[in-house]
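The values are calculated or read from the model by the stated rules, or taken from the named source; none is laboratory data. No experiment lies behind these values; they were computed from the predicted model shown. Note that each Cβ is placed from the backbone with ideal geometry, even for glycine, and that neighbours are counted across all protein chains shown.
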Amino acid sequence: MVNSIVTLDGVWRMQKASGGEWLSAQIPGSLYSNFLLLRKMGDPFFGENEREALELSKEGCLFERSFVVAQTMLSHEKLFLRFDGIDTLASITLNGQLLGTADNMHRAWEYDVTGLIQAGENVLRVQIASPLQFLETQQKAFPLWGVDSTVPGYAHLRKAHYMFGWDWGPKLPDLGIWRPVSLIGCDVARLDDVHIRQRHGADAVTLDITIEAKRFSEQHLRAEVTVTSPAGTKQCAAFALQGETGHAEIAIPDPALWWPNGYGEQPLYQVAVRLLSDGRILDEKTLRIGLRTVTVSREPDTWGQEFCFVVNGIKIFAMGGDYIPEDQILARVSPEKTRRLLEQCVACHFNHIRVWGGGYYPDDCFFDACDELGLLVWHDFMFACAVYRMQPAFVDNITQELVENIRRIRHHACLALWCGNNEMEDGLRSWNVPREEWMERDYLYQYETLFPAICAAHDPDTFYWPSSPSSGGGFESPNSPDCGDVHYWDVWHGLKPWTAFRKFYFRFCSEYGFMSVPSVKTVAAIADEADWNLFSPALENHDKCDDGSKKLLYYLSQMMPYPYTFEGVVYATQLLQADAIRANVEHMRRNRGRCMGSTYWQVNDSNPVISWSSIDYFGRWKALHYYARRFYAPLLLSVDESDVAALVFNVSSELRYPVTGTVRWTLRDANANILRTGCQPMTAAPLCAAPCFTLDLSLEIRTPADRRSRYLEYELQVDGAVVSAGSSLFAPPKHFVFADPAIAVKITEDAAKFTLVCSANAFAKSVYLELAQADCVFSDNWFDIHGAMPVAVTVPKSTLSEGLTLEQFRAQLRVMSCWDLLRRETLF
Ligand code: BMA
């Protein structure tokens, strides 16, 4: 019979290391997740509670459970106790006998318990030590440099670094058993590994499948492989194992190729592998793959060296964002939440996402969803913003970590790139690291010798990149705009104006970002209304960036009218953020060919906080996420408005076929009256960006008064439908003389949705719709209304967080536009 697996998840007991009462504990779970369930601690995200919570992890914790094993289980030849993830420093005993210790949260830990498991009751204990105490001792013995916002010494421990605090996250170094625990019974042998490689030929893809088994006895072993196509066609191969390995090739004629979102479908094939002996199934594993080639092109060109994903031979303009862990309390992350988040990326035309190196290797469900949704994954190994010392035990530990995670993830269609670390090639040279001679030597060994060798041995088909940013390694201009990827932080951390984005033609910008305050509803979850003030202790504690509020206000003062209300601060910072990122994306997409990737920092949050995210901790879209739907659309019309005498209209296309359409533009005054208008036919070549015409408005935009009262509105129509639209002001919004738009919203409903028809008396810039209590996703938001031209928006009822009648919906609806920043009374 196939391996037996008995889950040991569920109700355990826990006790603090110093003793005291035994408490019930849900596993997978942690100290914090269980203390929260038991109401033994306050919400660590509220106010300044984080500090109290930190005290808790200054002490270790014991997790214990007893379990009874059935006789059938005991009759197996081999028994293993498996922990898919322990966080982090643990010693494990079974029935009083030490099984071993664990010291890496990113690894699974397995112990041979054959002969140790007894009939009747067994007691399993996992004693977890305080990560804070460990860091303190290690740091005293040998200080390792890391970033300031984090508990010093985090590089000593293989535990997700962000748990020690980051410039968007609290210091909550939790401890627990964070992934499932199971008892596995095996006979004869078990499947250790399945490695599927693909060879793409003219009309077939050949799968090259290697399996590895772990034998416990000498019996003859066979394997059967069945490949099932998306249409259900099956192809099989059977073969004998030589020793512990076996190999088969299966050619798939007429392969249905997998594409990133926007370029084609995501057909997935199942590869089921069975291990047999004497006709008896011993073990089985099913993997899902997509047939595609994916690599990174680094062709030299006139500007330096290209850096772009090439999928099935096609050069992709990567459009996405950086992904960080979804919660500080890991037990709260669920496959459903992850799926929802990734669906929201795809809803905004993302074709790519970067897993940032300061978190953890996501669960399988993350990659399953990326496979299904067509998101190419740039995957950092979990090393970020710190120096690591290559001592033999540490090297063994991280080698095992990489091997396990590579073997777990490599078959996924979505996996496009492995990256050594976040920011350390650049950091070691250009940051304020107290440099010592060993650091660069150990760096080079780790990321330029050890890691590429591990990748070559276990996943030779996935492109390896030493660091992000990098130009290819060896400390050769790691953050060069002409080669490799770039992290560009002069806008924001460096306080440069957004126009600075346009001075560069990054080959692939894998980080750049702009902070904003999350919605009022989200702020309500972290501070009492009396503290809705950027400088209150509660909100300052939720602004972890160095001088974060100073930077927010600095940029605000450049662009926006002074917001009188707190909701005005939320509105203004979100609009600024959206516009800043838009400016860079449009510029990079206009330069398709030279620029081939935009990964903005950051898609999501791990807690309710003031940050660079486009979707906040509660899943609420900021202005930026709505903007992403426009600036990542496959067809994008944008205008470079730097010179009013030569406004350049540009169409960027990520479509694989040519498109013809019409560009319409209108110059209007603040009341939305038409001053001049025109239209121009255009053809967008496939996978290309090109200017389609230039407009001279130097006669109409002459004086400061013209700049402050006139704006350009434009749209691209294809087959009668608007596929891309925008507007350009010629002065910052703070100087534009808005007229009261008196926005009116007519709401109707049918079984599936509410429909809102929004109209205005004047130019309503960046109309923000929000429900006061419930949550929903609007079909469009932060849009402009040009006077009499109404805008229809729908709210699918499926996106509502709670059922609302038409009256309730109407009562909860809040509407703001730029003009409302001048209001002194609150709307929310
Ligand atoms: C980059 C990231 C993160 C950080 C972000 C904002 O450096 O890699 O470490 O949170 O910028 O400062």
- Message: What are the pairs with Cβ atoms under 7 angstrom where one residue, in segment 150-175, is closer than 27 Å to Met515 by Cα and in contact (Cβ under 8 Å) with a residue 24 or more places away in the chain and the other, located anywhere, is part of a strand (DSSP E or B) and more than 13 Å from the ligand (Cβ to nearest atom)? Sequence gap at least six, or different chains.
- Response: Lys159/Asp87; Phe164/Lys171; Gly165/Lys171; Asp174/Ser30; Asp174/Asp87
- Considering only segment 2-30, state which residues are touching a Ser or Thr at 6+ places or on another chain (Cβ under 9 Å) and of a type in the set (A, V, I, L, M). Ile5, Val6, Leu8, Val11, Met14, Ala17, Ala25
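Tell me, yes or no, whether segment 276-291 has at least one residue that is in a loop (DSSP other than H, G, I, E, B) and modelled with pLDDT of 95 or more. Give the steps one after another, and end with the answer.
Applying the first criterion (in a loop (DSSP other than H, G, I, E, B)) to segment 276-291 yields 278-279, 290.
Filter again for modelled with pLDDT of 95 or more, leaving 290.
Yes, the conditions are met somewhere in segment 276-291.
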- Query: Only one of Leu534, Leu552 is under 19 Å from Asp605 (Cα atoms), within 16 Å of the ligand (Cβ to nearest atom) and hydrophobic (A, V, I, L, M, F, W, C); which?
  - Reply: Leu552
- Task: State the number of residues belonging to segment 550-571 that are closer than 15 Å to Trp612 by Cβ and either free of Cβ contacts under 8 Å to residues at least 24 places away in the same chain or surrounded by fewer than 20 Cβ atoms within 10 Å (Cβ to Cβ) (or both).
- Result: 1
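Matching residues to (1) over 30 Å from Thr101 (Cα atoms); (2) surrounded by fewer than 24 Cβ atoms within 10 Å (Cβ to Cβ):
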residue	(1), (2)
Trp378	yes, no
Ala393	no, yes
Val403	no, yes
Asn421	no, no
Val433	yes, yes
Leu444	no, yes
Thr462	yes, yes
Ser470	yes, no
- Per the filter on segment 663-680, residues without any contact (Cβ under 8 Å) to a residue 40 or more places away in the chain, closer than 18 Å to Val722 by Cα and not small (Gly, Ala, Ser) are Thr677, Cys679, Gln680
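Quick check: anything in segment 650-662 in contact (Cβ under 8 Å) with a residue 24 or more places away in the chain, of a type in the set (Asp, Glu) and crowded, with 19+ Cβ neighbours inside 10 Å?
yes
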- Query: If we scan segment 237-248, do we find a residue that is surrounded by 19 or more Cβ atoms within 10 Å (Cβ to Cβ), modelled with pLDDT of 95 or more and among the hydroxyl-bearing types (Ser, Thr, Tyr)?
  - Reply: no
- Task: Please go through segment 618-654 and pick out each residue that is under 24 Å from the mean Cα position of the chain (by Cα) and either under 17 Å from Gly262 (Cα atoms) or among the β-branched types (Val, Ile, Thr) (or both).
- Result: Ala628, Arg629, Arg630, Phe631, Tyr632, Ala633, Pro634, Leu635, Leu636, Glu654
- Item | Members of segment 344-366 found to be closer than 20 Å to Val294 by Cβ and in contact with a helix residue (DSSP H, G or I) (Cβ under 6 Å, 6 or more places away or on another chain), listed by number | Val346, Tyr361, Phe366
- Message: Take residues that are within 16 Å of the ligand (Cβ to nearest atom) and tell me which of the strands (runs of 3 or more DSSP E) falling wholly in segment 165-229 contain 1 or more.
- Response: 169-171
- Query: Across segment 545-565, what is the total count of residues that are closer than 19 Å to Arg824 by Cβ, of a type outside the set (A, V, I, L, M) and in a helix (DSSP H, G or I)?
  - Reply: 1
- Search result, residues across segment 581-600 that are surrounded by 24 or more Cβ atoms within 10 Å (Cβ to Cβ) and either within 28 Å of Phe828 (Cβ to Cβ) or free of Cβ contacts under 8 Å to residues at least 12 places away in the same chain (or both): Ile581, Tyr600
- Message: Return the residues of segment 411-462 that are polar (S, T, N, Q), assigned to a loop (DSSP other than H, G, I, E, B) and within 25 Å of the chain's Cα centre (by Cα); say none if nothing qualifies.
- Response: Asn421, Thr462
- Inside segment 528-544, the number of residues satisfying the requirement of being surrounded by fewer than 19 Cβ atoms within 10 Å (Cβ to Cβ), assigned to a helix (DSSP H, G or I) and either among the hydrophobic types (A, V, I, L, M, F, W, C) or modelled with pLDDT under 95 (or both) is 2
- Please indicate, with yes or no, whether at least one residue in segment 715-735 is surrounded by fewer than 17 Cβ atoms within 10 Å (Cβ to Cβ), at pLDDT below 95 and over 25 Å from Cys818 (Cβ atoms). yes
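Hey, which of the strands (runs of 3 or more DSSP E) in segment 717-792, taking only ones fully inside, have at least 2 residues that are touching a residue at least 40 places away in the same chain (Cβ under 8 Å) and over 21 Å from Arg582 (Cβ atoms)?
Once the strands (runs of 3 or more DSSP E) in segment 717-792 are filtered for at least 2 residues that are touching a residue at least 40 places away in the same chain (Cβ under 8 Å) and over 21 Å from Arg582 (Cβ atoms), what remains is 744-749, 753-759.
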- Task: Could you tell me which residue of segment 375-391 is nearest to Gly420 (Cα to Cα), considering only residues that are outside any loop (DSSP other than H, G, I, E, B) and within 16 Å of the ligand (Cβ to nearest atom)?
- Result: Asp380
- Query: Going through segment 315-361 one residue at a time, which ones are over 17 Å from Ser613 (Cα atoms), in a strand (DSSP E or B) and either within 15 Å of the ligand (Cβ to nearest atom) or among the hydrophobic types (A, V, I, L, M, F, W, C) (or both)?
  - Reply: Ala318
- Message: Give me the residue from segment 690-714 that is crowded, with 17+ Cβ neighbours inside 10 Å and charged (D, E, K, R) and, out of that set, nearest to Asp820 (Cα to Cα).
- Response: Arg708
- All positions within segment 478-499 that are at pLDDT 95 or above, farther than 14 Å from Ser430 by Cβ and not in a loop (DSSP other than H, G, I, E, B): Asp485
- Query: Which ones in segment 302-314 are without any contact (Cβ under 8 Å) to a residue 24 or more places away in the chain and assigned to a strand (DSSP E or B)?
  - Reply: Val310
- Query: Between a first residue in segment 372-387 that is touching a residue at least 60 places away in the same chain (Cβ under 8 Å) and of a type in the set (Gly, Ala, Ser) and a second residue that is away from the ligand (no atom under 13 Å from the Cβ) and in a loop (DSSP other than H, G, I, E, B), which pairs have beta carbons less than 7 Å apart while being 6 or more apart in sequence or on different chains?
  - Reply: Gly374/Trp259; Gly374/Pro260; Gly374/Asn261; Gly374/Gln266; Gly374/Asn351; Ala386/Leu144; Ala386/Trp145
- Taking into account only those residues within segment 489-527 that are away from the ligand (no atom under 12 Å from the Cβ) and without any contact (Cβ under 8 Å) to a residue 40 or more places away in the chain, which is surrounded by the fewest Cβ atoms within 10 Å (Cβ to Cβ)? Lys503
